[in-house]
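Beneath this line is the structure, given in structure tokens, with notes to follow.
The values are calculated or read from the model by the stated rules, or taken from the named source; none is laboratory data. All values derive from a computational prediction rather than experimental measurement. Using ideal geometry, Cβ is built from the backbone for each residue, glycine included, and neighbour counts are taken over all protein chains shown.
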Amino acid sequence: MSEFQFGGEFVWHPTPELVAQSNLQRFIQKHELGSYDELMRRSTTDIEWFWDAVLSDLDIQFYKPYLRVVDLSGGKPWARWCVGGEMNIVHNMLDKYTGTEVDNRVAIKSETEDGTTRTLTYKALRERTNKMAAALRSLGLGKGDAIGVFMPMVPEIVIAMLAIIKIGGIFLPLFSGFGAAAIISRLNDAQAKALFTANGTYRRGKFCAMKPVAHKAASQISTLEHLIVLEQTVGDAACVLSKQTRQVERLPYKTHSWNDLINLSIPGPQRPTARTSAEDPMMVIYT
């Protein structure tokens, strides 16, 4: 628990009661470190112990336990973490809470410009993530495939991200205000196989079309096989977009409706979350 400093002067100090209740103090006491200074010293002089303790404290679960926390034999810039371990972020964010009281907690609460709010519990988020992951697999997408996400800030953007990670794919976030050129350069570099988008979004009261931009970009990505479109209700703009995009039906990639994909009845048991190496790429962010 830190103090806040402004203009060279400390303006807030945590109370002893607040410090005593903090997760940091609990961690210090659990490992009999005595003080924050000792924790700092131990975390830099014994990093294997520190990160092993942190992973355990955060209940980061592995399908296959790692043999060692870190391997520095190749030099610090090429450190290998959780060597030999297999895990998936989606398991730790959603799967492990199945059937627990966490299922009923709110995982996402969103609000759009017009004041409309939506909430998803952990259970609802997991179910929708599983459906989209199954849909992605039905399209032939899987481990190691790069998938772009060019969407507005709505709950579906989280579902898309988690579904990609669940199948072992690589999540490529793309700013919703990007033009086609920015999207093309990133998806070409990553050799992306699919792209999520939406028909559009409102920004400061003005409708900003996204689907035409996505189509323009997708048509220039040689590796792209699928474009998945979230069709939101955006008034007259939706009608305009549908007319604008009728001419792109002959493009080499297939265009899918988000709703059609996620509502498909997938026969058979739900396929498990993909096992990935702790060093497998999960996300690529272009700066």
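Considering only region 186-219, state which residues are among the basic types (Lys, Arg) and either at positive phi or without any contact (Cβ under 8 Å) to a residue 40 or more places away in the chain (or both). Correct list: 204, 206, 211, 216.
The residue list 176, 110 contains one member that is assigned by TED's automatic domain parsing to the domain that holds residue 257, free of Cβ contacts under 8 Å to residues at least 60 places away in the same chain, touching a Cys at 6+ places or on another chain (Cβ under 9 Å) and hydroxyl-bearing (Ser, Thr, Tyr), which is 176.
You will find that of 64, 96, the residue that is in the same structural domain as residue 123 (by TED's automatic domain parsing), within 23 Å of the chain's Cα centre (by Cα) and among the basic types (Lys, Arg) is 96 and no other.
Per the conditions (1) modelled with pLDDT of 95 or more; (2) within 30 Å of residue 217 (Cβ to Cβ), the sole criterion not satisfied by residue 111 is (1). Taken over region 135-144, residues that are buried (at least 21 other Cβ atoms within 10 Å of the Cβ) and over 15 Å from residue 254 (Cβ atoms) amount to 0. Applying the criterion of being farther than 22 Å from residue 159 by Cβ and at pLDDT below 75 to the residues of region 208-239, the residue that is surrounded by the most Cβ atoms within 10 Å (Cβ to Cβ) is 237. Find the residue count for region 32-63, including only residues that are in a helix (DSSP H, G or I) and exposed (fewer than 13 other Cβ atoms within 10 Å of the Cβ). So the answer is 7.
Residue-wise test of (1) loosely packed, with under 13 Cβ neighbours inside 10 Å; (2) at pLDDT below 95; (3) assigned by TED's automatic domain parsing to the domain that holds residue 140; (4) within 28 Å of residue 88 (Cβ to Cβ).
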residue: 206; (1), (2), (3), (4): yes, yes, yes, no
residue: 241; (1), (2), (3), (4): no, yes, yes, no
residue: 250; (1), (2), (3), (4): yes, yes, yes, no
residue: 260; (1), (2), (3), (4): yes, yes, yes, yes
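Only one of the numbered conditions (1) over 21 Å from residue 166 (Cα atoms); (2) among the hydroxyl-bearing types (Ser, Thr, Tyr); (3) surrounded by fewer than 15 Cβ atoms within 10 Å (Cβ to Cβ) is violated by residue 110, and that is (3). For residue 76, the conditions (1) within 22 Å of the chain's Cα centre (by Cα); (2) modelled with pLDDT under 95 all hold with the exception of (1). Residues satisfying the criterion are absent from region 41-59 (criterion: of a type in the set (Gly, Ala, Ser) and modelled with pLDDT under 95).
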